[in-house]
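The values are calculated or read from the model by the stated rules, or taken from the named source; none is laboratory data. Since the structure is predicted, the reported quantities are computational estimates derived from the model, not experimental observations. Neighbour counts run over all protein chains shown; Cβ positions are idealised from the backbone, glycine included.
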Amino acid sequence: MIEAENKITFIVDIKARRRRIAEAVTELYEVDVEKVHEKGLEVKTGILETACRQLNEAFLKFVTTGRPFVEAKSALTMDGWTATATGHSRWITNEKSQQFVHRLRDRLDGVLVGVGTVLADDPMLTTRLKKGVGRDPVRIIVDTDLRIPDEAKVLNSDSSALTLIAVGAHVPPQRLRRVEKSGVLILTCPTNEGRIDLAALMDILGGMDIVSVLVEGGSAIMGSMIRERLVDKFYIFKAPKILGGNDGIPMASGPGPREMNGCLRLRDVKLRRFGDDILVRGYPEH
Ligand SMILES: NC(=O)c1ccc[n+]([C@@H]2O[C@H](COP(=O)([O-])OP(=O)(O)OC[C@H]3O[C@@H](n4cnc5c(N)ncnc54)[C@H](OP(=O)(O)O)[C@@H]3O)[C@@H](O)[C@H]2O)c1
């Protein structure tokens, strides 16, 4: 058995008496069936298609849409809150869950948060695996008015990974220059109702060859991403803690649907345990 042309799509079985080409994903690298028939080969399509698609989900989304594959992670209490009323959220999940998120950061090209999360948590958004290896993703901050404080850790960490800040076109040049001094790249983006147009931002990130992005919140960004159908995969952690009030910060803020049938449904749901934490992984049905 050898692999030809592209590791993802073709397997040429040269040992089989009837030589075959097995093509898993047909919209890419399409086989010229006539040429192949002339050579006495049989073409089979759709072999292990679901598994192949899942294995290459980020690349397939990127090459077919020009946008990154978006994975969204949220850590919630059992009663569904992502932070207390004061914005305190560290930590909801245990260390094993947090290490899983660092593995996601290591695997994906970019990690994205809104400026609200920078103001509340001042995260570094780097990969910190226990084993010490791992690469930092590009850090992407969505910040229409460039409110990020000069002392924010994402602007000052010694990571070699780039920090991108998505801003509106109205930010004064002297403010842009001040922030750019810290080595960040400013992305001037279109806005929608006074906030960054997230779909346009995804096009810009795709144009920069960013194939996959991990959205880590917070609540406003998650709400916008969900309503705009921009999330391709969810990782939702539930920790055995109960906030016990109705004044926490939800996973996604902004208007939801009026009826349950307007909810985003997840398919191919998988459950995993990290100690007492539960991880629900699923793909939204758009
Ligand atoms: N448990 C978890 O998994 C987790 C993860 C992350 C954060 N958090 C918590 O979430 C809280 C922060 O949530 P947050 O909602 O304040 O912050 P956020 O979602 O990180 O950032 C929101 C800000 O992003 C900017 N933004 C720009 N374009 C936007 C768009 N199209 N849609 C939405 N926002 C846009 C807005 O500010 P401008 O208008 O100024 O641009 C907005 O105020 C903190 O308490 C943090 O601890 C929890």
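Brief remarks on what is shown
- Residues in segment 92-134 that are loosely packed, with under 15 Cβ neighbours inside 10 Å and either within 16 Å of Thr163 (Cβ to Cβ) or among the β-branched types (Val, Ile, Thr) (or both): Asp122, Val133.
- Of the strands (runs of 3 or more DSSP E) entirely within segment 134-233, those holding at least 1 residues that are under 23 Å from Leu264 (Cα atoms) and β-branched (Val, Ile, Thr) occupy 212-215.
- Residue list for segment 119-153, restricted to those being in contact with a strand residue (DSSP E or B) (Cβ under 6 Å, 6 or more places away or on another chain) and within 7 Å of the ligand (Cβ to nearest atom): Val142, Asp143, Thr144
- Taking segment 37-64 as the range and being farther than 14 Å from Tyr283 by Cβ, modelled with pLDDT under 85 and not hydrophobic (A, V, I, L, M, F, W, C) as the test, the residues that pass are His37, Glu38, Lys39, Gly40, Glu42, Lys44, Thr45, Gly46, Glu49.
- Taking the criterion of being under 18 Å from Asp203 (Cα atoms) and touching an Asp or Glu at 6+ places or on another chain (Cβ under 6 Å), the only residue of segment 154-166 that qualifies is Ile165.
- Complete set of residues in segment 43-87 that are over 15 Å from the mean Cα position of the chain (by Cα), within 15 Å of the ligand (Cβ to nearest atom) and either in a strand (DSSP E or B) or in contact (Cβ under 8 Å) with a residue 24 or more places away in the chain (or both): Leu76, Thr77, Met78, Asp79, Gly80, Trp81, Thr82, Ala83, Thr84, Ala85, Gly87
- Subset of segment 153-177 that is of a type in the set (A, V, I, L, M) and under 22 Å from Leu104 (Cβ atoms) - its residue that is farthest from the chain's Cα centre (by Cα): Val154
- For segment 234-286, the set of residues classified as away from the ligand (no atom under 16 Å from the Cβ) and hydrophobic (A, V, I, L, M, F, W, C) consists of Met260, Cys263, Leu264, Leu266, Val269, Leu271, listed by residue number.
- For segment 249-258, the condition holds for no residue, the condition being that it is in contact (Cβ under 8 Å) with a residue 60 or more places away in the chain, over 18 Å from the mean Cα position of the chain (by Cα) and assigned to a loop (DSSP other than H, G, I, E, B).
- All of Asp121, Asp106, Asp150 fail the test of being within 15 Å of Ser212 (Cα to Cα) and in contact with a Ser or Thr (Cβ under 9 Å, 6 or more places away or on another chain), apart from Asp106.
- When segment 170-223 is limited to residues that are of a type in the set (S, T, N, Q) and buried (at least 21 other Cβ atoms within 10 Å of the Cβ), the one that is farthest from the ligand (Cβ to nearest atom) turns out to be Ser212.
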